Structures are given as C-alpha cells and as structure tokens.
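**Q** Below is one structure. I have some questions about it.
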Amino acid sequence: MPKRTVKPSQTARLLNHGPTVLVSSRHRERDNLITLAWTTPVSIDPPMVAIAIAPGRYSHELIARSRAYVINVPASGLLSAVWYCGTRSGRNGDKFQGARLTRSASAIVDAPRVAECFAHIECRVVKAPSVGDHTLFVGEVVSAAVEREAFDGRLRLRRPFHTLHHLGGSEFLTSAGTRLVAP
Ligand SMILES: Cc1cc2nc3c(=O)[nH]c(=O)nc-3n(C[C@H](O)[C@H](O)[C@H](O)COP(=O)(O)O)c2cc1C
C-alpha cells in the first residue's frame with residue numbers, strides 16, 4: 001500500500017483518538033476547567049494517568065501549585081461546553097459558569113468534579129517532567145467514579161453514551177462514528 005510521509009510535528013494526530021476530556025483544578029478557591037486531548041494511562045499498579053498541558057495555560061499554574069486534578073469524561077452532547085473550555089482561558093472568567101457546567105464535590109482531592117460528565121478520575125500529581133513544550137503531569141489515581149447507567153459491569157461504555165474524539169481544528173468524531181463540528 002502506498003504511504004505518505006507525515007511531519008513529526010503532526011504525529012499526535014495519529015494517536016490522539018482517545019476521549020477528549022475536561023480536566024478540573026482548584027488552587028486557593030479558584031477553580032478552572034481545561035479541554036484536553038492529550039491524556040493516557042501510564043501504570044496499572046499503582047494506577048497512574050498522565051496529562052500534557054502547555055505551560056502558558058491557566059490550568060498549568062493551578063495544577064502545578066495544587067498538585068491535584070480531576071479528569072472528567074464528557075458524553076458527546078457536551079461538545080459546546082468542551083469547545084468553550086478549550087478556546088477560552090480561565091484567567092478571564094469562571095468557565096463553569098460560562099460553559100453552564102456544575103461543580104460537584106470530589107471524594108478525595110480538593111478540586112471539583114464536573115457533575116454533567118459520566119466518569120471522574122481524581123489524581124494527585126507525583127511527577128511533572130517538562131517534555132518539549134508541554135508539562136507531563138503524571139497523577140496517581142486516588143479515587144474514581146462513573147455514572148451507573150453509563151457502563152456495564154466490566155466498564156464497557158453502554159449506549160447511548162458516546163465519547164468525543166478530537167480530529168483537529170473544530171472537528172470531532174463520536175464513539176458512535178458521527179462527525180461533529182464545534183459551534
Ligand atoms: C479539543 C481540544 C483539545 C485540547 N487539548 C489540549 C491538550 O491536550 N493540552 C493542552 O495544553 N491544551 C489543549 N487544548 C487547549 C486548551 O484547552 C486551551 O488552551 C484552553 O483555553 C486553556 O485554558 P486555561 O488557560 O483556562 O487553562 C485543547 C483544546 C481543544 C479545543
């Protein structure tokens with residue numbers, strides 16, 4: 001099969017089909033939300049996940065200081081909130097209010113969950129290496145919860161819940177295979 005060369009700088013596009021998430025953070029009573037495509041599990045025992053955030057982001061400042069974050073997994077119906085949180089900085093206003101999302105209490109960490117999301121992974125930062133132009137916040141999972149109807153007993157996502165996957169620009173694919181364009 002013929003292949004075409006892809007620039008090394010574009011290779012994230014070949015891998016980042018995992019769910020786009022909303023990461024919440026809090027430091028000194030200031031809360032924030034950031035949309036992230038770059039997330040990955042990195043260890044089973046102890047359970048650890050990593051998120052890559054560019055140093056200029058307000059969320060970077062809050063997470064670097066508080067050493068905690070919550071990964072919230074939105075269903076495809078939250079596309080406009082996901083886009084809102086990925087195109088504005090929390091330095092300029094409260095994104096929970098702007099995106100019409102609701103804070104709910106976390107079980108362990110001092111950062112809010114997003115009530116409208118169907119899964120929450122609470123993490124404490126254990127390492128934060130600088131990698132190129134992003135910081136890789138490696139978090140130990142200290143608590144997690146899912147909406148009962150969203151998953152079966154083996155944590156397989158059930159219909160009608162579908163995740164959002166970023167294709168680039170304002171285009172997304174849902175796990176149902178539908179292409180969506182952010183408003
Ligand atoms: C779909 C999507 C995925 C994104 N993924 C990332 C990411 O993985 N890492 C990152 O640093 N920024 C990512 N961004 C950009 C941030 O979400 C954006 O810069 C945001 O406005 C930062 O908010 P803050 O300054 O309030 O933290 C993404 C944006 C979108 C729309």
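Where a number appears in this text, it was derived from the coordinates with a stated rule and is not lab data. These numbers were taken from a predicted model, which means no experiment stands behind them. Please note: Cβ atoms are built from the backbone with ideal geometry, for glycine as well, and neighbour counts cover all protein chains shown.
**Q** Can you name every residue in region 80-96 that is surrounded by 20 or more Cβ atoms within 10 Å (Cβ to Cβ) and small (Gly, Ala, Ser)?
**A** Ala81, Gly90
**Q** Among the residues of region 71-103 satisfying the criterion of being in a loop (DSSP other than H, G, I, E, B) and touching a residue at least 40 places away in the same chain (Cβ under 8 Å), which is nearest to Pro47 (Cα to Cα)? First the steps, then the outcome.
**A** Of all residues in region 71-103, those in a loop (DSSP other than H, G, I, E, B) come to 74-75, 88-89, 93-94, 99-102.
Subsequent filtering for residues that are touching a residue at least 40 places away in the same chain (Cβ under 8 Å) retains 74-75, 94, 99, 101.
On the way: Pro74: 21, Ala75: 23, Asp94: 31, Ala99: 30, Leu101: 28 Å.
So the residue we want is Pro74.
**Q** Go through region 14-50 and give me each residue that's more than 10 Å from the ligand (Cβ to nearest atom), β-branched (Val, Ile, Thr) and in contact with a Gly (Cβ under 8 Å, 6 or more places away or on another chain).
**A** Thr40, Val49
**Q** Within region 114-132, take every residue that is over 17 Å from Thr20 (Cβ atoms) and within 16 Å of the chain's Cα centre (by Cα) and give me the one that is surrounded by the most Cβ atoms within 10 Å (Cβ to Cβ). Before the answer, list the steps.
**A** Taking region 114-132 first, the residues over 17 Å from Thr20 (Cβ atoms) are 115, 122-132.
Pick out the ones that are also within 16 Å of the chain's Cα centre (by Cα) and you get 115, 122-125.
Details: Ala115: 13, Glu122: 24, Cys123: 28, Arg124: 16, Val125: 19.
Restricting to residues being over 17 Å from Thr20 (Cβ atoms) and within 16 Å of the chain's Cα centre (by Cα), the top hit is Cys123.
**Q** Considering only residues that are more than 16 Å from the chain's Cα centre (by Cα), surrounded by 10 or more Cβ atoms within 10 Å (Cβ to Cβ) and under 21 Å from Leu164 (Cβ atoms), which ones fall in region 13-39?
**A** Narrowing region 13-39 to residues more than 16 Å from the chain's Cα centre (by Cα): 13-14, 27-30.
Among the residues that remain, those that are also surrounded by 10 or more Cβ atoms within 10 Å (Cβ to Cβ) are: 13, 27, 30.
Within region 13-39, just Arg13 meets the criteria.
Yes or no, residue by residue, for (1) free of Cβ contacts under 8 Å to residues at least 24 places away in the same chain; (2) in contact with a Gly (Cβ under 7 Å, 6 or more places away or on another chain):
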residue: Ala115; (1), (2): yes, no
residue: Arg124; (1), (2): no, yes
residue: Glu147; (1), (2): no, no
residue: Arg154; (1), (2): yes, no
residue: Arg158; (1), (2): yes, no
residue: His166; (1), (2): no, no
residue: Gly169; (1), (2): yes, no
residue: Leu173; (1), (2): no, no
residue: Arg179; (1), (2): yes, no
